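Everything on this sheet refers to the single structure shown next.
Every number here is computed from the coordinates shown, using simple stated rules; none is lab data. None of these values were measured; they are calculated from a predicted model. A quick note on method: Cβ atoms are made from the backbone with ideal geometry, for glycine too, and the neighbour counts reach across all protein chains shown.
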Amino acid sequence: MNGVSNLHSVWDSVIYQYPGYPVMPLSTTDWNWYTTTTETMSTDYPVNSNDILPEDFEGWANESYEIAVNYVYPGFVTGQTPSASY
């Protein structure tokens, strides 16, 4: 897969949509972009405050694992190269 050796590399270098770090201090253009992007994400992916699980670290880990297994890596087999479509 284009020279990457693990899924972490795939996500970081191929799929990652917002790479790099902003130049500080933020320009007005950058500030507006971050504000608009954050508002869009909040609208597109609303979070129910009852689902936040404050300080429930084991709950966060379990939820993350279930999401990974069911949505991020469905059908993925450890030790096998991901398909080209992945």
Quiz item: Each residue of the stretch 64-75 in turn: what ³J(HN,Hα) in whole Hz from Karplus with 6.51, -1.76, 1.60 and θ = phi - 60°, glycine and Pro shown as x?
Solution: 4, 4, 4, 5, 4, 5, 8, 10, 8, 10, x, x
Quiz prompt | Cα-Cα P(r), the stretch 16-86, percent of pairs per 5 Å interval | solution = 3, 11, 11, 16, 15, 17, 16, 9, 2, 0
Quiz item: So if R0 is 35 Å, what FRET efficiency would A84 and Y34 give, r being the distance between their Cβ atoms, rounded to the nearest 0.05?
Solution: 0.55
